[in-house]
Every structure is written in C-alpha cells, then in structure tokens.
Amino acid sequence: MILTEVKDKATKKDFLNTARVIYKNDDNWVCPLDNDIEAVFDPLKNNFHQYGKCTRWILKNDKGELIGRVAAFINEKKAYNYEQPTGGMGFFECINDQQAAFMLFDAAKNWLHENGMQAMDGPINFGENDTFWGLLVEGFSPPSYGMNYNPPYYQAFFENYGFKKMYEQITNHLDVNKPFPERFYKIAKWVSQKPGYEFKHLEAKQIKKFAADFIEIYNDAWVGFENFVPITYNTILESFTKMKPIMDENLIWFAYVNGEPASFNIVLPDANQMLKPLHGKLDLVGKLKFLYYKWKGVTRMRAIVMGTKQKFQNHGLESALFIKLGEYVLPLKQYNVLELSWVGDFNEKMVALHKSMEATFANKHLTMRYIFN
C-alpha cells in the first residue's frame with residue numbers, strides 16, 4: 001500500500017474521488033460538494049487556519065487504486081484545553097480492510113504527535129461541529145446536508161484501533177404535520193404573547209446584525225459546557241454567508257426580551273435533496289441542476305443549532321420559536337420532516353426539549369478520542 005500526502009492538484013482530486021470509490025454502490029450516500037470539502041483545507045475560505053494547521057493523505061493499493069483517505073488538524077484554541085494536548089482527524093474513508101484503516105490512523109497520529117499532540121479526536125472537522133462531525137453508528141439512512149455518513153464497518157476500525165467514545169450525538173426527527181403535544185403548545189403560545197418578548201426571522205440584508213446577535217446568544221448559552229471555546233464573529237459571518245444560497249429567511253428565528261438577543265433556532269432546507277443529483281460537482285451544469293431542484297423544493301428541513309442565554313433558559317423561548325416556525329411552514333404544505341440535529345447526550349436540557357416535542361430517533365453518531373501511548 002502507498003500512502004501519499006496531498007500536496008498538488010492530482011492528489012487533491014484523488015482525495016475527493018476516494019469517497020466516490022467507497023460509496024459507488026451505496027444509494028443512501030449523498031456526495032458532498034467538492035467545493036465544500038476543499039474549502040475546509042483552503043486558508044482563504046476557512047478562518048480556522050488563522051490559529052491552526054492541517055494536512056491530509058490518500059492511500060492506494062499496489063495496483064494504484066484508491067482505497068482510503070484521512071486528514072489531521074490542530075486547532076490551537078482548543079488543543080490545550082484538555083488533559084492531553086489534543087488534535088483532530090477526519091474525512092476518513094476506507095475500503096473494508098483493517099490494515100489499510102490502521103495505516104491511515106497511524107498517519108494522522110504520527111503527524112499530530114510530531115506537532116506536539118498527545119491525543120486525537122475523530123472523526124471531526126477542521127471547523128465548527130455542525131458539519132462533517134462524528135462516526136455514524138445507528139440509523140444508516142440518507143444524510144441531511146453536513147451530516148457525516150459512513151459504512152457500518154467503520155465502527156470496528158475505530159474501536160479496534162483504540163478510540164474510546166467521548167459522547168453520543170443524537171439526531172431526532174419531527175413529523176411536521178403532527179401537532180405538538182397540547183402542553184407544549186400552550187406554553188409556547190403563552191410565551192410568544194408576553195410583553196417585551198419579540199420574535200423575528202432572519203433578514204439577509206441585515207445578516208451582519210443577526211450574526212452579532214447569534215454570537216452574543218451562543219457564547220453565553222454554551223459557556224458552561226466543558227472545554228467550550230467562544231465562537232468568533234468572522235467564523236459565524238463566514239457560516240451565515242455560506243448558508244445564503246440555500247437559506248429561507250423565514251426558517252431562521254431569533255427571540256428578543258426587551259430588545260436583548262435571547263434565543264435562536266437556525267433551520268435550513270435540507271440541501272442534500274438538491275445536491276444528490278449533482279454528484280459533488282457544482283460546475284455550470286451542476287448549478288443549473290441545483291437551481292432546478294431548489295425551485296422544485298425539498299421535503300426536509302434541518303435544525304442545525306439552537307441556543308438560549310442562560311438567564312432566559314426555562315422561559316419557554318425555544319418552544320415559542322418552534323411555534324413561529326410552524327406558523328410559516330404548515331401553510332406551505334411542502335415540508336414533511338424537521339430534523340433536529342444533533343444534540344450531545346451531555347446536553348440534558350436539549351434532550352428534554354426534543355422529548356417534550358415527541359421527536360423520534362433518527363440516528364446516532366459518536367465523537368471518539370484516541371490517547372497516544
């Protein structure tokens with residue numbers, strides 16, 4: 001087997017095409033856009049390069065055929081928040097061959113160790129955790145945009161190598177046409193009518209303002225979680241800008257209490273239903289196909305992130321935001337499913353919210369860690 005670091009146009013192409021080899025007979029898989037993958041490794045398109053670095057490899061067999069790939073990265077803002085300096089590995093793909101898989105894991109481990117790391121988390125992204133994050137272990141169904149998908153045999157590779165589960169990432173589904181439980185609905189309606197409580201959907205022309213409101217809420221809501229690193233304005237503005245081609249302003253809602261940003265719910269149409277026919281290519285033909293499928297409409301939405309400032313938690317704001325969303329969505333008669341993805345098993349409040357809405361299980365990913373000897 002031949003391991004090659006990705007450094008030129010040819011190896012970049014091979015890195016992208018490896019996934020096409022692995023999933024050529026899997027109808028559930030949706031090929032991510034080549035542009036989205038390459039943007040992760042482009043310092044001009046991913047601001048995580050400002051305080052980190054990454055590299056990647058491809059693996060071929062003795063016949064010169066692509067059989068695997070992997071990436072490794074170090075986020076200097078997060079690496080030293082743990083007992084051991086910890087890097088990341090991701091974008092792992094491999095044929096069903098443990099020797100090949102271990103060779104790829106070794107490549108990531110050795111590079112990270114040479115750069116001062118003593119552990120690696122995986123499979124994760126060189127960016128925020130809303131995309132390309134986690135090992136799928138239950139619910140092998142067509143993924144929504146940004147959600148990792150992989151063959152079932154990957155789990156044995158990770159466990160046999162020595163990765164240990166850090167936490168579970170649970171994704172649930174809501175039947176859009178099924179009414180909320182009466183108690184949930186009553187609380188939400190009561191909250192939405194309270195004096196000083198205001199609810200607004202995002203407006204693209206004011207995207208910088210909403211990005212600032214998002215950061216204010218997010219950094220307050222998540223500060224209590226272990227190893228939390230505040231999100232930066234550039235990071236979220238970059239994410240909001242990337243969302244613009246697929247976003248529907250009326251699906252993204254913010255709550256304000258006496259003018260203060262208090263809570264948000266970011267929901268997007270599931271772009272994967274538009275992207276699957278493109279096979280990862282957003283060339284001229286791909287763009288025309290995308291526009292057609294966008295016009296045709298999709299049937300699934302994805303709630304990618306929710307957050308509420310600590311002092312406004314348990315006020316029912318999250319419930320009210322879902323009611324506002326429903327007031328727009330239901331008359332459209334377009335969407336069937338709202339995917340709530342993903343919530344960590346450590347986030348008890350969000351797990352309880354999903355339960356209160358009678359959401360049903362969709363799939364489970366694992367975030368895992370391997371500590372070097």
**Request:** Please quote Rg/Rh for the range 177-335 to two decimal places, taking the Kirkwood radius as Rh and restricting both calculations to Cα atoms.
**Result:** 1.00
**Prompt:** If amide H atoms are built 1.01 Å from N in the plane of the peptide, which residues on other chains or at least 5 residues away come under 5 Å of the amide H of Gly307?
**Reply:** Phe264
**Estimated distance in nm for a label pair at Glu76 and Lys209, the labels positioned 7 Å out from Cα along Cα-to-Cβ** = 3.6 nm
**Message:** Give me a comma-separated list of calculated 3J(HN,Hα) values for the range 21-29, in order, Karplus coefficients 6.51, -1.76, 1.60 applied at θ = phi - 60°, integers in Hz, x for any Gly or Pro.
**Reply:** 5, 5, 9, 4, 10, 10, 6, 6, 5
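Find how much the distance from Asp175 to Arg20 grows on full extension, using 0.36 nm per residue of separation minus their present alpha carbon separation; answer in nm with one decimal.
Extra length from Asp175 to Arg20 when fully extended: 52.6 nm.
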**Item:** Under Karplus coefficients 6.51, -1.76 and 1.60, residue-wise ³J(HN,Hα) of the range 265-272 in Hz, glycine/proline x
**Value:** 9, 9, 10, 10, x, 6, 5, 4
**Fill in**
Taking placed amide H atoms and a strict 5 Å upper bound, the residues 5 or more places from Arg302 or on another chain that come that close are Leu268, Asp270, Glu339
**Fill in**
Residues meeting the amide H criterion for Leu136 (H placed from the backbone, H to H distance under 5 Å, 5 or more places apart or on another chain) are Asn150, Leu366
**Request:** Please find the FRET efficiency linking Glu182 to Trp222, where r is the Cβ-Cβ separation and R0 is fixed at 41 Å, and quote it to the nearest 0.05.
**Result:** 0.85
**Asked** Can you work out the FRET efficiency for the pair Tyr153 and Lys311, with r the C-beta to C-beta distance and R0 = 41 Å, to the nearest 0.05?
**Response** 0.30
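What length, rounded to one decimal in nm, is gained on full extension from Asn234 through to Lys9, with 0.36 nm per residue of separation minus their alpha-carbon distance?
Fully extending the segment from Asn234 to Lys9 adds 78.2 nm.
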**Message:** Show me, for the range 112-120, the HN-Hα J-couplings you get by feeding each phi into the Karplus relation (A = 6.51, B = -1.76, C = 1.60, θ = phi - 60°), rounded to Hz, glycine and proline as x.
**Reply:** 5, 5, 5, 9, x, 8, 10, 7, 9
**Request:** Determine the calculated [θ] at 222 nm for the chain from helices alone, applying -39500 (n - 2.57) to every DSSP H run no shorter than 4 residues and normalising by the residue count; nearest 500 deg cm²/dmol.
**Result:** -10500 deg cm²/dmol
**Asked** Taking Cα centroids, how far is the range 203-238 from the range 79-148 in Å?
**Response** 25 Å
**Message:** Cβ neighbours within 10 Å, averaged per peptide: list 218-229, 54-65, 298-309 in order, most packed at the top.
**Reply:** 298-309, 54-65, 218-229
**Message:** Quick check: from the Cα gyration tensor, does the range 290-373 come out rounded (a/c under 1.5), prolate or oblate?
**Reply:** oblate
**Request:** Under 1.5 on a/c is rounded, so check that first for the range 2-168, then, if it is not, pick prolate when a/b is larger than b/c and oblate when it is not; a ≥ b ≥ c are the square roots of the alpha carbon gyration tensor eigenvalues.
**Result:** rounded
**Asked** What's the exposure ranking of Leu282, Leu353, going from fewest to most Cβ atoms within 10 Å?
**Response** Leu282, Leu353
**Fill in**
Rounded to the nearest whole number, the Stokes-Einstein translational diffusion coefficient of the chain at 10 °C and 1.306 mPa s (Kirkwood radius, C-alpha pairs) in µm²/s is 73 µm²/s
**Item:** Extension gain from Asn115 to Gln99, taking 0.36 nm per residue of separation minus the Cα-Cα distance
**Value:** 3.3 nm
**Separation in nanometres of the label points that stand 7 Å from Cα toward Cβ, at Lys189 and Gln50** = 4.7 nm
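Taken together, the values in this text are just the output of simple stated rules run on the coordinates, not laboratory data. Small disclaimer: the values here were computed from a predicted structure and weren't measured. For neighbour counting, all protein chains shown are included, and Cβ atoms are generated from backbone atoms with ideal geometry for every residue, glycine included.
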